[in-house]
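Read the structure below first, then the notes.
The values are calculated or read from the model by the stated rules, or taken from the named source; none is laboratory data. Quick caveat, the model's predicted, so the values are computed rather than measured. Heads up, the Cβs are rebuilt from the backbone with ideal geometry, glycines too, and the neighbour counts pull from every protein chain shown.
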Amino acid sequence: MRRVESGAVRIEILYFAAAREAAGLPAETLEVADGATVEALRATLDARHPGLSPVSRTARFAVGERFAPASQRLAPGDVVALIPPVSGG
Amino acid sequence: MLALTEGPIDGEAVRRAVATTAAGAVVVFHGTVRDRTKGRAVRWLEYEAYPPMALAELGRIADAVTRDHGLLGLACVHRIGRLELGDAAVVLATAAPHRKAALDAVDDFVVRLKRDVPIWKKEVFEDGAVWVGTPDDPQGARTAPAPGPREGAR
């Protein structure tokens with residue numbers, strides 16, 4: 001199914017740990033192109049926050065509290081989290 | 001029982017959560033705050049989580065490990081916030097009819113937790129602090145994981 005790539009969608013971004021410190025904030029709301037992928041969002045965030053790219057390069061993304069592939073397309077209302085390498089336990 | 005807590009973990013409560021007379025083995029693992037990392041003295045640790053996703057991942061891992069090892073029960077509590085040396089950061093209990101499954105499941109669960117549960121540890125030293133595994137970690141940044149879902153964890 002081909003999505004119509006027009007307009008913009010509003011999404012929420014969550015930053016944790018090293019990503020939160022590099023971005024300088026824990027969360028923000030952002031508009032991205034409709035149909036934008038997770039990978040495109042990574043570039044958008046790097047451009048928006050100088051200093052984030054060393055962290056985002058090694059981070060995974062989660063959409064709706066699940067790890068998301070780089071090719072996943074974003075939908076209105078998505079909650080996207082940057083997940084730097086985890087270190088629990 | 002799967003939970004995050006900001007206070008000390010009651011290990012006995014975690015054990016009780018899996019207790020059953022069908023079990024021939026109950027294993028309780030405490031992951032504790034070590035005083036050194038690669039020879040460098042640690043003062044304390046700060047743990048941060050993405051709570052709803054951490055609980056969701058813990059649930060997915062618990063389901064997979066319970067199925068893979070034929071467990072009768074599995075419970076895990078992870079602490080977040082500031083932890084002092086010797087504190088338990090995580091307590092995990094497994095119950096199985098026989099010991100091998102209960103023991104093996106503990107290691108399997110912890111390996112998966114360390115790979116996929118969104119919880120982060122900051123080590124605070126005398127002369128600085130670092131998020132473990134990030135590019136400025138002097139112990140060396142971890143190799144970037146594949147950006148997609150980790151099917152091996154399911």
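Look through segment A:52-63, keep the residues that are more than 9 Å from every other protein chain (Cβ to nearest Cβ) and not hydrophobic (A, V, I, L, M, F, W, C), and return whichever of them is nearest to residue B:33 (Cα to Cα).
Applying the first criterion (more than 9 Å from every other protein chain (Cβ to nearest Cβ)) to segment A:52-63 yields A:52-53, A:56, A:63.
Going one step further and asking which of them are not hydrophobic (A, V, I, L, M, F, W, C), we end up with A:53, A:56.
Working: A:53: 30, A:56: 28 Å.
Top of the filtered list is A:56.
Restricted to segment A:43-78, and to residues that are basic (Lys, Arg) and more than 20 Å from residue A:31 (Cβ to Cβ), which residue is surrounded by the most Cβ atoms within 10 Å (Cβ to Cβ)?
Looking only at segment A:43-78, we keep the residues that are basic (Lys, Arg), and these are A:48, A:57, A:60, A:66, A:73.
Now narrow it down to the ones that are more than 20 Å from residue A:31 (Cβ to Cβ): A:57, A:60, A:66.
On the way: A:57: 12, A:60: 24, A:66: 14.
Ranking the candidates gives A:60 first.
Rundown of residues vs (1) of a type in the set (Lys, Arg); (2) within 10 Å of chain B (Cβ to nearest Cβ); (3) over 30 Å from residue B:87 (Cα atoms); (4) in contact (Cβ under 8 Å) with a residue 24 or more places away in the chain, yes/no style:
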{"site": "A:13", "(1), (2), (3), (4)": "no, no, yes, yes"}
{"site": "A:37", "(1), (2), (3), (4)": "no, no, yes, yes"}
{"site": "A:50", "(1), (2), (3), (4)": "no, no, yes, no"}
{"site": "A:65", "(1), (2), (3), (4)": "no, yes, no, no"}
{"site": "A:83", "(1), (2), (3), (4)": "no, yes, no, yes"}
{"site": "A:87", "(1), (2), (3), (4)": "no, yes, no, no"}
Matching residues, segment B:1-36, being surrounded by 13 or more Cβ atoms within 10 Å (Cβ to Cβ) and of a type in the set (Lys, Arg)
B:15, B:16
Tell me which residues, restricted to segment B:54-94, are hydrophobic (A, V, I, L, M, F, W, C), surrounded by fewer than 18 Cβ atoms within 10 Å (Cβ to Cβ) and over 28 Å from residue B:123 (Cβ atoms).
B:64
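Within segment A:24-48, work out how many residues are more than 12 Å from the chain's Cα centre (by Cα) and either of a type in the set (Lys, Arg) or closer than 26 Å to residue B:133 by Cα (or both).
So the first thing to find is which residues in segment A:24-48 are more than 12 Å from the chain's Cα centre (by Cα), and the list is A:24-26, A:33-35, A:47.
Now drop any that are not either of a type in the set (Lys, Arg) or closer than 26 Å to residue B:133 by Cα (or both), which leaves A:24-26, A:47.
Qualifying residue count for the region: 4.
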Has segment B:99-116 got at least one residue that is under 23 Å from residue A:15 (Cα atoms), free of Cβ contacts under 8 Å to residues at least 40 places away in the same chain and either facing chain A (nearest Cβ under 10 Å) or assigned to a loop (DSSP other than H, G, I, E, B) (or both)?
yes
Scanning segment A:39-89 residue by residue, those within 17 Å of residue A:16 (Cα to Cα) and among the β-branched types (Val, Ile, Thr) turn out to be A:55, A:58, A:63, A:79, A:80, A:83, A:86
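Keeping to segment A:67-81, report how many residues are within 7 Å of chain B (Cβ to nearest Cβ) and over 19 Å from residue B:114 (Cα atoms). Talk me through it step by step, then tell me what you get.
Restricting attention to segment A:67-81, the residues satisfying the condition of being within 7 Å of chain B (Cβ to nearest Cβ) are A:67, A:69-70, A:81.
Within this subset, residues satisfying the condition of being over 19 Å from residue B:114 (Cα atoms) are A:69-70.
Number of matching residues: 2.
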Answer yes or no as to whether residue B:86 is farther than 30 Å from residue A:15 by Cβ and free of Cβ contacts under 8 Å to residues at least 40 places away in the same chain.
no
Hey, among the residues in segment B:37-50 that are exposed (fewer than 14 other Cβ atoms within 10 Å of the Cβ) and either at the interface with chain A (Cβ under 8 Å from one of its Cβ atoms) or at pLDDT 95 or above (or both), which one's farthest from residue B:2 (Cα to Cα)?
B:41
Take the residues of segment B:2-33 that are part of a helix (DSSP H, G or I) and within 16 Å of the chain's Cα centre (by Cα): which is farthest from residue B:85 (Cα to Cα)?
B:15
Return yes when residue A:60 is farther than 30 Å from residue B:32 by Cα and of a type in the set (Lys, Arg) and no when it is not.
no
